[in-house]
1. With respect to B:Thr280, is the statement that it is under 22 Å from B:Leu114 (Cβ atoms) and part of a loop (DSSP other than H, G, I, E, B) true?
2. Being farther than 14 Å from C:His149 by Cβ and either of a type in the set (Asp, Glu) or facing another protein chain (nearest Cβ under 8 Å) (or both): is that true of B:Asp270 here?
3. Considering only residues that are assigned to a helix (DSSP H, G or I), of a type outside the set (Asp, Glu) and more than 8 Å from chain B (Cβ to nearest Cβ), which ones fall in region A:148-182?
4. Looking at C:Gly31, C:Gly44 in this structure, which one is surrounded by 13 or more Cβ atoms within 10 Å (Cβ to Cβ) and either without any contact (Cβ under 8 Å) to a residue 12 or more places away in the chain or farther than 20 Å from C:Val122 by Cα (or both)?
5. Look at B:Phe311 and say whether it is buried (at least 18 other Cβ atoms within 10 Å of the Cβ), under 20 Å from B:Val106 (Cβ atoms) and either out of contact with any Cys (no Cβ under 7 Å at 6 or more places or on another chain) or among the hydroxyl-bearing types (Ser, Thr, Tyr) (or both).
6. Considering region A:268-287 alone, what residues qualify as being closer than 26 Å to B:Thr409 by Cα, surrounded by 16 or more Cβ atoms within 10 Å (Cβ to Cβ) and of a type outside the set (Phe, Trp, Tyr)?
Amino acid sequence: MTKFSMKSVFVGAALVIGSLGVAQVSMASNAGGEHKMEHRNWSFNGMFGTYDVEAMQRGYQIYREVCSSCHALDHMSFRHLGDKGAPFYSSEYPNPNDNPVVKAFAKDWMVPDIDQDSGDVIERPGIPADKFPQIYPNSIAAAASNGGAVPPDLSVITKARTGGADYVYAILTGYHEAPHDFHLSEGMNYNVAFAGNQIAMAAPLSDGLVEYATRTVPGEHGGEPHVITPPEATVDQMASDIVQFLTWAGDPKMQARKNLGFATFLFLFIFSLLLFLTYKQVWKDVEH
Amino acid sequence: MSGHSTYEPKYAAEKWIDKRLPIVRMGVDFMAFPSPRNLNYWYAFGGILTLCLMSQIITGIILAMHYTPTVGEAFNSVQRIKRDVPFGWLLQSMHAVGASMFFLAVYIHMFRGLFYGSYKAPRELLWIIGCAIYLAMMATGFLGYTLPWGQMSFWGATVITGFFGAIPVVGESLQQWLLGGYSVGNPTLQRFFSLHYLLPFVIAALVGLHVWAVHHVGQNNPIGIDIKTKEDTLSFHPYYTMKDGFAIAVFLMIFALFVFYLPEALGHADNYQRANPMVTPPHIVPEWYFLPFYAILRAVPDKLMGIMLMFGAIVVLFILPWLDTAKVRSMRFRPTTRRFFYIFLFMCFVLGWCGAHSPDDIAIPMGHGGMTFKWVSRVATLYYFAFFLFLLPVLGWVEKTKALPDSITKAIHDGEA
Amino acid sequence: MSDTQTGEGEHEDPSRRDFIYIATGAAAAVGAGAFAWPLVSQMGAAADTRAAGSIEIDVSKVEEGQQLKVLWRGKPIFVRYRTQKEIDYADSVDVASLRDPQTDDERFVPNFEGKINKSLLVMIGVCTHFGCIPVGEAGDFEGWYCPCHGSHYDSSGRIRKGPAPKNMVIPPYKYLSDTVIKIG
């Protein structure tokens with residue numbers, strides 16, 4: 001009895017999980033081709049990692065000013081920006097539909113609608129409950145406007161690519177001059193991180209492309225207002241900011257997930273300890 | 001439920017019910033079922049699997065309240081569940097990860113049965129019902145993986161339904177009949193959803209038979225000898241409910257680790273891309289729990305042969321009780337067979353490893369070239385079948401087994417159990 | 001013989017009795033079968049699925065060495081304008097050595113003048129193994145390569161290596177004019 005104890009269960013489970021992990025890693029390393037993708041130390045990595053709110057906010061600015069000319073956020077509504085854990089959440093506005101920042105962002109977009117009197121198809125400024133509008137009417141139009149390549153939806157992009165956040169960052173910072181012996185097709189761009197090294201998207205970022213605003217935030221409980229000086233808008237900085245925003249967009253419940261996970265583990269540790277003690281108590285007089 | 005009932009109704013109401021429908025008696029007898037007193041933690045997986053099935057059914061019914069089974073909306077509705085439905089992210093993750101945990105547990109449960117000879121007389125039917133449950137689980141897992149309608153869903157469904165197209169003469173008509181069209185499309189998705197909802201209840205019914213069978217013939221145990229006296233047994237409750245309970249709590253920690261901290265680790269990035277019938281992903285892989293069978297399928301260059309071998313790998317499990325000729329159940333007393341069993345276990349992992357890679361890639365580098373995954377999987381496939389069809393029958397005849405203890409109680413006393 | 005009512009009263013003929021039993025059983029089987037048929041049949045392709053059967057393609061836009069991909073019945077159709085090199089390669093093969101023997105010419109439908117246009121290869125771009133879409137200008141035989149399980153097709157779409165059993169399928173099609181073909 002004793003030799004096949006819990007230890008062997010753990011060993012067995014560890015073996016299985018370990019081998020799965022190896023399979024995952026080896027698959028990930030195949031996907032990127034020759035280029036070695038850098039594993040960056042993101043603030044949201046690990047069991048206790050969180051999103052960087054300031055970076056997410058700057059990321060949204062980049063999405064709005066740069067990405068959104070071609071890429072949609074299929075699964076997102078404006079109100080999501082003001083949810084708990086989202087870039088523009090404010091404890092004053094638990095209902096994101098009331099959040100003035102979110103309202104202002106929504107108003108900044110035109111969304112299609114039907115006029116309630118005439119029935120005509122119209123466009124009106126967005127409200128927080130609206131979805132982010134489609135950029136192109138359909139995928140054929142999207143392909144036609146972009147040299148045959150459909151710009152992918154960005155709301156799940158960090159989930160839909162092997163490597164996730166690291167991959168998106170690598171693509172955004174992977175534009176280089178093509179080597180002399182490399183045959184680059186018409187309208188394509190050289191990118192070290194992209195499979196085959198030819199990507200239809202032109203380098204979207206360049207140093208100083210967006211202007212990060214200096215913001216004044218009112219102090220807590222009427223204290224001194226403090227000034228937030230933004231970082232310099234380098235390509236690396238912008239890539240890192242948009243990745244923060246897009247990772248949140250792909251996994252908006254990460255914070256809730258990790259918090260509940262911690263509580264669950266705490267419970268399970270105590271519960272399994274109690275069960276173990278009960279088990280020992282029950283079996284106390286049994287020779288086994 | 002063999003043996004005599006220990007239930008004695010005390011109150012008039014209890015007596016009244018017991019005369020008309022002895023359901024309380026059934027429950028009490030069930031909980032007092034005499035179990036061998038030497039069951040180890042590997043025997044906890046029956047309870048763990050029951051929990052998995054219940055969890056999948058409950059989360060599944062809830063997800064079906066929010067999911068839309070049409071090609072236009074399936075992908076969107078899953079995203080909506082994860083973003084907008086209260087705790088939808090948790091339930092979706094529990095259901096997706098739960099499928100993997102279910103298979104993890106069922107594989108351990110099966111290997112345990114294999115190791116301790118739990119398929120041997122009089123437990124042949126118990127084992128066969130178990131195999132049927134496993135088959136139904138595979139079908140359910142496959143159908144469920146189609147529902148999110150991502151790229152892997154679509155192309156996985158295309159490849160698997162392509163198996164039926166390989167059947168001579170009727171194959172193509174059969175495939176169209178299954179798909180409800182010329183290719184995987186809306187009719188396919190809707191019927192897959194309907195069947196995915198139905199099959200878990202079929203599994204639950206089969207589990208009922210499985211439990212009935214184990215209560216009829218009694219549980220096997222690590223030393224594989226029959227129960228001789230009452231001394232050899234313990235009441236299921238509280239002894240094994242508490243022991244299983246502890247094992248379940250430990251298992252839940254592994255479950256929770258994936259649900260909360262590694263929700264994507266067992267999935268594939270391509271399935272976050274909406275299904276596209278015009279583009280095949282460069283590297284189609286099934287869920288990890290199908291990888292060994294996928295490797296067997298690809299080990300053969302011929303389409304029909306590959307499919308037959310793959311199904312053959314499951315068929316041998318059904319006839320296993322008659323392949324193993326040994327009189328001794330537990331491999332604890334079969335040292336030679338035990339070694340071959342460990343190699344078999346290793347080969348199953350090798351097959352899984354091969355299934356995750358392209359057949360023509362190099363698996364084991366040697367000199368300039370090396371051994372490709374195709375050849376590694378051929379070796380492992382050969383061993384898989386040789387183990388069941390050659391080693392078990394032959395070893396049963398020739399192996400000199402170790403002496404069996406007189407009884408479970410004596411074995412425990414001598415420190416052999 | 002009948003075990004009860006012998007003698008007076010109605011005489012029962014055993015063969016007649018058996019006949020009634022068999023007839024009742026047969027009727028039940030027919031009824032069950034008739035009831036099962038709609039249940040089985042409903043799984044097949046529905047009328048609207050069947051209806052989306054045929055399309056017309058303008059092939060004038062395809063240039064030499066290029067391939068057009070159109071969706072037909074949920075499957076991609078490849079229309080490839082083959083280079084002379086590819087045509088020569090397809091003709092140079094010893095047909096008897098092929099897994100699914102077919103000459104290159106047999107894989108074409110004559111146009112309305114009764115001639116074969118060997119430049120324009122029209123086929124269903126689906127691997128005959130498990131239905132993945134092969135990648136063009138790839139593989140060992142100047143043709144297509146299926147990424148799923150490694151089948152190689154030549155410049156005529158014929159299977160040359162790997163697990164697929166058949167050549168890529170030529171759909172039913174005809175030329176409506178020099179530049180327009182109708183598929184289905």
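1. Against the criterion (under 22 Å from B:Leu114 (Cβ atoms) and part of a loop (DSSP other than H, G, I, E, B)), B:Thr280 does not qualify.
2. Considered against the rule, which asks whether it is farther than 14 Å from C:His149 by Cβ and either of a type in the set (Asp, Glu) or facing another protein chain (nearest Cβ under 8 Å) (or both), B:Asp270 comes out as yes.
3. A:Ile157, A:Thr158, A:Ala165, A:Tyr167, A:Val168, A:Tyr169, A:Ala170, A:Ile171, A:Leu172
4. Within the list C:Gly31, C:Gly44, the selection yields C:Gly44.
5. Details: buried (at least 18 other Cβ atoms within 10 Å of the Cβ): no; under 20 Å from B:Val106 (Cβ atoms): yes; either out of contact with any Cys (no Cβ under 7 Å at 6 or more places or on another chain) or among the hydroxyl-bearing types (Ser, Thr, Tyr) (or both): yes.
So B:Phe311 does not fit the description; no.
6. A:Leu275, A:Thr278, A:Val282
Rundown of residues vs (1) surrounded by 18 or more Cβ atoms within 10 Å (Cβ to Cβ); (2) more than 20 Å from A:His75 (Cα to Cα); (3) in contact with an Asp or Glu (Cβ under 6 Å, 6 or more places away or on another chain), yes/no style:
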residue	(1), (2), (3)
A:Ser118	no, yes, no
A:Ile127	no, no, no
A:Tyr169	yes, yes, no
A:Leu172	yes, yes, no
A:Tyr175	yes, yes, no
A:Leu184	no, yes, no
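Per-residue answers, yes or no, for (1) over 27 Å from C:Thr49 (Cα atoms); (2) out of contact with any Asp or Glu (no Cβ under 6 Å at 6 or more places or on another chain); (3) within 14 Å of another protein chain (Cβ to nearest Cβ):
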{"site": "C:Tyr89", "(1), (2), (3)": "yes, no, no"}
{"site": "C:Val95", "(1), (2), (3)": "yes, yes, no"}
{"site": "C:Leu98", "(1), (2), (3)": "yes, yes, no"}
{"site": "C:Asp104", "(1), (2), (3)": "yes, no, no"}
{"site": "C:Gly114", "(1), (2), (3)": "yes, yes, no"}
{"site": "C:Lys118", "(1), (2), (3)": "yes, yes, no"}
{"site": "C:Ser177", "(1), (2), (3)": "yes, yes, no"}
{"site": "C:Gly184", "(1), (2), (3)": "no, yes, yes"}
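The values are calculated or read from the model by the stated rules, or taken from the named source; none is laboratory data. From a predicted model like this one, the values you see are computed outputs, not experimental measurements. Using ideal geometry, Cβ is built from the backbone for each residue, glycine included, and neighbour counts are taken over all protein chains shown.
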